[in-house]
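What follows is one structure encoded as structure tokens, with my remarks underneath.
The values are calculated or read from the model by the stated rules, or taken from the named source; none is laboratory data. Just so it is clear, the model here is predicted, and its values are computed rather than measured. Cβ: placed from backbone, ideal geometry, glycine included. Neighbour counts: every protein chain shown. Quick note on the areas: whole protein, heavy atoms, side chains included, nothing else; ligands and nucleic acids left out. Shrake-Rupley method; radii C 1.70, N 1.55, O 1.52, S 1.80 Å.
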Amino acid sequence: MALKIGLLGLGTVGTGTAQILLDSQGRHPLLQEIEIHRVGVRSPDKPRSVQLPDGVITTDLEAIVTDPTVDIVVELLGGLEPARSLILKAIVGGKHVVTANKAVIARYGDEIYTAANKAGVYVLLEAAVGGGIPVIQPLKQSLGVNRIHAITGIINGTTNYILTRMQTEKGEFADILADAQQLGYAEADPTADIDGLDAADKIAILASLAFGGRIKLQDIYCEGIRKVSATDIAYAEKLGFTIKLLARASRYEPAADNTPEALQVRVHPTLVPQTHPLASISGVYNAIFVEGEPIGQVMFYGRGAGAGPTASAVVSDILNIAGVLKTKEAGTQKSVQSKIQNPKSKIDTLHPLLSCSHQHYCAIAPMNELVTRFYARFLTQDRPGVIGKLGTCFGNHSVSLESIVQTGLQGELAEIVVVTHDVREGNFRQALDEINSLDAIDSIPSILRVL
Ligand code: HSE
């Protein structure tokens, strides 16, 4: 019996998903048993690049999630509402859900997975992070036996595209952003991408899977790329780094033994050593770098957005559910009575490697406790003793310097760039406060962390 899909949304990813499902030749044979039953859209008369069977399109999205014949609801609407409500209604109606909606999962994962576990249905989200890159299922399954130390990603293609162009063209952020918008690489309202909010949603999901607990979005430190300048990119390059917007979740290693176990989860522009695998990820590409024991380091790389790649992830989730239902169907075929009592899509026991059973929220350590290297650029009076005073202020707060360079003048002012050794962020900030009070300091145009 064919498995019936109710598709919510026929935009870029919805269209890509329909195209795969309608063209199963040469793909996994189970796809031939999956049927697009209904497709919910806002504008039914819009020209479409996919030929759907007659009568499939509707504007009544509620009717799809309450349709008793639909087995899997595929939510590709994006945005918070009505996506969240429709997902919850589908779950209550006993339907499995596949979604690409990182914003809804990062905010309402608790509500959604609690409802899903109660209803005995799956909510799968491979497409929500890294587009076509398989990373959600690998974290749940292939890497599941590892103790993860850190997960670090370039998980926003728009910002990676802008930073890559700033580096290759030596251009300023505002000019490259405007051009990226013209070319369709950045949204008309680019806030979610360039302020790091999209990456924060995604690292919340990745961290939750890697570290086995829920993450409160508001606990994630988030800083976007608006303040990254061509000057900093050029200095970084000279010092052997590439600036990337990184999202990182890592185990917090407390100084005191009695500090409770916690994570550090953050999104910010970062100087990445040119020798690090993440430094070579350019343009719209995404990559997720996982460090764990005993696996060591492993990196997932690919297209983080776009119709085909994202649809590949969506349909892989559909296929996973189809596989589980197929196994169940084979098991119940022996008993007619059992088949009547258990409709095809109802699962008695959720597969532990496909479902989500997190019960608690992870503690997140404050940024002041982060231990990292810093890059800072100062504009100062050009007079004797200034570098010495900077060094003294850093020393007063136990900040050890790895390098200090003064290569030129900006007008009348000297430009001094410092890279520290690993330091507690709280100490570094205290040193900056003291430096700011020096007469010789004009401004501190940039402070960036180093991977
Ligand atoms: N806006 C995202 C990006 C793609 O720029 O990577 C969808 O997650």
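Scanning the range 169-193 for residues that are surrounded by 15 or more Cβ atoms within 10 Å (Cβ to Cβ) and of a type in the set (Val, Ile, Thr) yields a single hit, Ile176.
The strands (runs of 3 or more DSSP E) found wholly in the range 362-422 and carrying at least 1 residues that are surrounded by 18 or more Cβ atoms within 10 Å (Cβ to Cβ) and either modelled with pLDDT under 95 or not assigned by TED's automatic domain parsing to the domain that holds Ile205 (or both) occupy 371-380, 413-420. Taking the residues in the range 141-168 that are open to solvent by 20 Å² or more (accessible area, probe 1.4 Å) and in contact with a Ser or Thr (Cβ under 9 Å, 6 or more places away or on another chain) as candidates, determine which candidate is farthest from the ligand (Cβ to nearest atom). Filtering first and then ranking leaves His149. Would you confirm, using the coordinates I've provided, whether Gly79 is open to solvent by less than 10 Å² (accessible area, probe 1.4 Å), among the small types (Gly, Ala, Ser) and within 30 Å of Leu206 (Cα to Cα)? When the stated conditions are applied, Gly79 does not pass them.
In the range 169-191, of all residues being within 25 Å of Leu451 (Cα to Cα) and part of a loop (DSSP other than H, G, I, E, B), the one that is farthest from the ligand (Cβ to nearest atom) corresponds to Lys170.
Each residue in the range 50-106 was checked for being among the basic types (Lys, Arg) and closer than 24 Å to Leu197 by Cα, and 2 pass.
When the strands (runs of 3 or more DSSP E) confined to the range 214-327 are screened for residues that are more than 30 Å from Glu111 (Cβ to Cβ), open to solvent by 10 Å² or more (accessible area, probe 1.4 Å) and within 16 Å of the ligand (Cβ to nearest atom), those reaching at least 1 such residues are found at 285-293, 296-303. Only one of these conditions is not met by Arg84: (1) open to solvent by less than 20 Å² (accessible area, probe 1.4 Å); (2) in contact (Cβ under 8 Å) with a residue 24 or more places away in the chain. Which number is it? Result: Arg84 passes all but (1).
Restricted to the range 192-204, and to residues that are away from the ligand (no atom under 11 Å from the Cβ) and of a type outside the set (Gly, Ala, Ser), which residue is nearest to Ala128 (Cα to Cα)? Applying the filter and picking the extreme gives Ile203.
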